[in-house]
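Here is the structure we will look at.
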Amino acid sequence: MAERVVLAYSGGLDTSVAVRWMIEQWGVEVVTVACDVGQGGDWDALIGRAKAAGASEAVVVDCREEFARDYCAPVLAANALYENQYPLVSALSRPLITKHLVAAARAHGADAVAHGCTGKGNDQVRFEVSTRALAPDLEVLAPVRVWGMTREDCIAYAAEHGIPITATREKLYSIDDNLWGRAIECGEMEDPWAEPPAGVWEMTVPRATEPRDLTISFDAGRPVAVDGDALAPHDLITTLNQVVGSYGWGRLDMVENRRVGIKSRETYEAPGALALITAHRDLEALTLERDLQRHKIGLEHRYAELVYDGLWFSPLKEALDAFVDSSQRFVTGDVRLRLEPGRCFVVGRRSPYSLYDYGLATYDAADSFNHADSEGFVKLWGLGIETWAAKQAQAGD
Ligand code: ARG
């Protein structure tokens, strides 16, 4: 059995109770690690709560830049959307948090890491598989999966042990948020027919009424500026969340397949991430050679599945990253998005490496395309079909 445990700490009810419960039940020493991935919150209060629960140390790591640069930017380059919709918000932060858990375990001489996930979700998969990839010698503990306490039991346990939590008996939603977006589950939304109540939205509350344009500049697939202002990745995503979100755009309401076999109704808001993917995809259409673009589109879903399924640290993901990186060499240029209440769409794109050739595309006098070349080409292109039509298509009727 482990002696010293590093716990991924959110500051919420479950992980706060987990600190004390592991100390009492398993006789371990607990170090908590909280990662700032842009979710906001009162870090001093969080440290106080961890200590009140019995943590010997409460570490907070500011991971915002790292998260934007090493996690959000690569999934943007891959246009990664799980089941064609979900930009991997929670799935993206788990490998980063695990990396910092492992680092803290090494720094504090711990022999185990722990998380506060239940047995029904994807996050346990991501924490555990990532830990096994990075530090196979560390044990992974999952107190919430084994303790058999209800929410009420946890609140009573916290009260008995003087752990200052703000949770109430009625927990409406399970929320997980970071720079890349926000996931809202549970409550009324467990009925897939029920519309999400207006109160669940935070990042996409409509405020703006006047349409406006927004130009996003990319350099080799990475977003670098908004309306000509160069911004660090973290600031750029924050800016887009605010501006695009104010138009009430960037919401998702979907039924998704969890790794553990459960279908789950999920709601998300990710205005910045979805606007960036919309713009980035469009710039790729302008700058990627056709076969490269088609092949990349074919791999994007697989990439998203790997991240969703907890395989961020895996050889296939690494190889796909190499492919995506190579594909981004000329994805440089600007995309102009129009924002209107409830809408965000591309109205213009340009690139120094654009493969769009006006002379080839135009139907006016500047046309430089040799029309005569098409005759033989189209004939040969259709030759196989012509042969099939003559010999087989009508046969057997
Ligand atoms: N279903 C999403 C995912 O698996 C969101 C998970 C959100 N986690 C949470 N603790 N509420 O990525």
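The values are calculated or read from the model by the stated rules, or taken from the named source; none is laboratory data. Predicted, not measured: the structure shown is a model, and the values here were computed from it. Every residue, glycine among them, receives a Cβ derived from its backbone with ideal geometry; neighbour counts consider all protein chains shown.
Could you name every one of the strands (runs of 3 or more DSSP E) located completely within region 134-217 that has at least 3 residues being within 16 Å of the ligand (Cβ to nearest atom)?
Values: elements: 139-141, 174-178, 181-185.
Where strands (runs of 3 or more DSSP E) fall fully within region 134-217 and carry at least 3 residues being within 16 Å of the ligand (Cβ to nearest atom), they are 174-178, 181-185.
Conditions tested, residue by residue: (1) modelled with pLDDT of 95 or more; (2) under 15 Å from residue 78 (Cα atoms); (3) of a type in the set (Gly, Ala, Ser); (4) in contact with a Ser or Thr (Cβ under 8 Å, 6 or more places away or on another chain).
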site: 267; (1), (2), (3), (4): yes, no, no, no
site: 273; (1), (2), (3), (4): yes, yes, yes, no
site: 276; (1), (2), (3), (4): yes, yes, no, no
site: 295; (1), (2), (3), (4): yes, yes, no, no
site: 302; (1), (2), (3), (4): yes, yes, no, no
site: 312; (1), (2), (3), (4): yes, yes, no, yes
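Which residue, of 53, 80, 18, 34, is in contact (Cβ under 8 Å) with a residue 60 or more places away in the chain and closer than 27 Å to residue 318 by Cα?
Numbers: 53 fails: closer than 27 Å to residue 318 by Cα; 18 fails: closer than 27 Å to residue 318 by Cα; 34 fails: in contact (Cβ under 8 Å) with a residue 60 or more places away in the chain.
Of 53, 80, 18, 34, the one residue that is in contact (Cβ under 8 Å) with a residue 60 or more places away in the chain and closer than 27 Å to residue 318 by Cα is 80.
Hey, which of the helices (runs of 4 or more DSSP H) in region 4-104, taking only ones fully inside, have at least 2 residues that are within 24 Å of the chain's Cα centre (by Cα)?
Details: elements: 13-26, 43-53, 64-67, 73-77.
Those helices (runs of 4 or more DSSP H) span 13-26, 64-67, 73-77.
So for region 316-327 (the condition being at pLDDT 95 or above and either in the same structural domain as residue 84 (by TED's automatic domain parsing) or of a type in the set (S, T, N, Q) (or both)), does at least one residue qualify? Full working, then the answer.
Here is the first cut: in region 316-327, the ones at pLDDT 95 or above are 316-327.
Still in the list and also either in the same structural domain as residue 84 (by TED's automatic domain parsing) or of a type in the set (S, T, N, Q) (or both): 326-327.
Yes.
For region 106-122: of the residues being part of a loop (DSSP other than H, G, I, E, B) and more than 14 Å from residue 145 (Cβ to Cβ), which is farthest from the ligand (Cβ to nearest atom)?
109
Mind counting the residues in region 85-105 that are out of contact with any Leu (no Cβ under 7 Å at 6 or more places or on another chain) and within 15 Å of the ligand (Cβ to nearest atom)?
Within region 85-105, the subset out of contact with any Leu (no Cβ under 7 Å at 6 or more places or on another chain) is 88-97, 100-101, 103-104.
Cutting the leftovers down to within 15 Å of the ligand (Cβ to nearest atom) gives us 88-97.
The total comes to 10.
Taking residue 298 as the residue in question, decide whether it is surrounded by fewer than 18 Cβ atoms within 10 Å (Cβ to Cβ), away from the ligand (no atom under 16 Å from the Cβ) and in a helix (DSSP H, G or I).
When the stated conditions are applied, residue 298 passes them.
Please enumerate the residues belonging to region 328-343 that are touching a Lys or Arg at 6+ places or on another chain (Cβ under 9 Å) and either over 19 Å from residue 74 (Cα atoms) or modelled with pLDDT under 95 (or both).
Within region 328-343, 336, 338, 339, 340 meet the criteria.
Within the bounds of region 55-66, is there any residue that is over 28 Å from residue 224 (Cα atoms) and either hydroxyl-bearing (Ser, Thr, Tyr) or within 12 Å of the ligand (Cβ to nearest atom) (or both)?
Checking region 55-66: at least one residue is over 28 Å from residue 224 (Cα atoms) and either hydroxyl-bearing (Ser, Thr, Tyr) or within 12 Å of the ligand (Cβ to nearest atom) (or both).
If you check 311, 306, which single one turns out to be in the same structural domain as residue 189 (by TED's automatic domain parsing), within 16 Å of the ligand (Cβ to nearest atom), in a helix (DSSP H, G or I) and under 18 Å from residue 93 (Cα atoms)? If you could, list the steps in order and put the result at the bottom.
Details: 311 fails: in a helix (DSSP H, G or I).
Result: 306 is the single residue among 311, 306 that is in the same structural domain as residue 189 (by TED's automatic domain parsing), within 16 Å of the ligand (Cβ to nearest atom), in a helix (DSSP H, G or I) and under 18 Å from residue 93 (Cα atoms).
If I ask for residues that are in a loop (DSSP other than H, G, I, E, B), over 19 Å from residue 88 (Cα atoms) and among the aliphatic types (A, V, I, L, M), which ones from region 218-261 would you list?
Quick first cut of region 218-261, residues in a loop (DSSP other than H, G, I, E, B) only: 220-221, 227-228, 231-232, 246-250, 258-261.
This time we only want the ones that are over 19 Å from residue 88 (Cα atoms), so: 220, 227-228, 231-232, 246-248.
Across region 218-261, the qualifying residues are 220, 231, 232.
Looking only at region 255-271, which residues are touching a residue at least 40 places away in the same chain (Cβ under 8 Å) and surrounded by fewer than 17 Cβ atoms within 10 Å (Cβ to Cβ)? Before the answer, list the steps.
The first filter runs over region 255-271 and keeps only residues touching a residue at least 40 places away in the same chain (Cβ under 8 Å), leaving 255-260, 262, 264-271.
Scanning region 255-271 gives 255, 257, 258, 260, 262.
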